[in-house]
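J.: Sharing a structure here in structure tokens format.
The values are calculated or read from the model by the stated rules, or taken from the named source; none is laboratory data. Predicted model only: the values in this text are computed from it and were never measured. Positions of Cβ are backbone-derived with ideal geometry, glycine not excepted, and every protein chain shown enters the neighbour counts.
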């Protein structure tokens with residue numbers, strides 16, 4: 001016996017003062033409602049109604065059950081109504097997940113702009129270079145670089161991720177400027193280890209119209225792009241990093257673009273979320289906002305490189 005169902009039908013009969021009206025309200029036949037109430041009576045071992053062809057009234061046990069169960073059902077109804085209405089509300093929590101590089105450079109700056117439009121929203125942000133399972137982590141919207149997620153998710157491309165070889169002026173003064181890809185073998189370079197596999201990632205370069213992958217002599221390797229970038233900025237060596245992370249450094253001259261003919265943009269920045277129609281309105285607004293604003297930020301990468309080359 002489905003206790004919640006039969007108690008709900010019992011309360012419906014009491015409120016409607018009629019089996020037939022309760023059946024209409026529940027979308028059932030009067031026979032189905034009557035059967036459910038009989039099951040409840042048999043389960044409890046008491047009569048709940050005095051029934052005649054002309055009247056219906058509660059027994060003492062029926063009145064007692066209604067007194068105890070009715071407030072609980074009201075609370076349940078209110079809870080369901082609140083959850084249903086929350087889908088139509090913009091106020092509330094949005095949970096995000098992103099690699100630290102994309103989060104810090106692209107997503108976090110957008111949050112303040114979004115909250116200016118919708119002050120009642122607030123965010124819980126998980127920055128992690130590992131791929132985040134939205135269901136397991138209870139995340140509304142995720143971001144990643146590389147290719148689109150290969151799972152049952154909706155993925156939106158936000159723009160290209162340009163990879164640039166660069167170094168500080170101080171490093172270049174000490175060790176010279178590499179003019180060709182072959183020159184990198186004689187330089188101190190930084191490296192990046194894939195956060196999931198721990199494998200050293202080769203540099204991705206555009207050479208003679210094709211994409212090639214070049215292993216470099218890493219004097220320091222990192223499992224986060226932020227760590228590698230911090231090392232490059234300290235003058236440790238030459239690094240290859242996403243342009244969207246270093247636009248200000250390129251403009252200020254604290255990083256110098258190198259081998260710009262080798263820049264690639266084969267990787268993308270993606271937003272992903274679950275396939276669902278019952279999405280809260282605040283999440284839908286956020287997805288639309290990021291789809292509109294994030295590409296504008298990524299479009300500035302080529303201009304930043306060209307401006308730095310012209311210095």
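J.: Within region 142-179, which residues are part of a loop (DSSP other than H, G, I, E, B) and farther than 15 Å from residue 257 by Cβ?
T.: Residues satisfying the conditions are 147, 148, 149, 150, 151, 152, 176.
J.: Can you name the number of the only condition in (1) modelled with pLDDT of 95 or more; (2) under 30 Å from residue 284 (Cα atoms) that residue 174 fails?
T.: If we test residue 174 against (1) modelled with pLDDT of 95 or more; (2) under 30 Å from residue 284 (Cα atoms), just (2) comes out false.
J.: Quick one: in region 249-263, which of the residues that are surrounded by fewer than 19 Cβ atoms within 10 Å (Cβ to Cβ) and touching a residue at least 40 places away in the same chain (Cβ under 8 Å) is nearest to the chain's Cα centre (by Cα)?
T.: Once the filter is applied, the top-ranked residue is 251.
J.: Also, I was wondering about something else. Of the numbered conditions (1) farther than 24 Å from residue 231 by Cα; (2) at pLDDT 90 or above; (3) surrounded by 14 or more Cβ atoms within 10 Å (Cβ to Cβ), residue 149 fails exactly one; give the number of that condition.
T.: (2)
J.: Would region 159-174 turn up any residue that is over 14 Å from the mean Cα position of the chain (by Cα), surrounded by 14 or more Cβ atoms within 10 Å (Cβ to Cβ), in the same structural domain as residue 263 (by TED's automatic domain parsing) and on the phi > 0 side of the Ramachandran plot?
T.: yes
J.: Need at least 1 residues that are over 26 Å from residue 210 (Cβ atoms) per element, so show me which strands (runs of 3 or more DSSP E) inside region 236-311 make the cut, counting only ones lying wholly within it.
T.: 264-274
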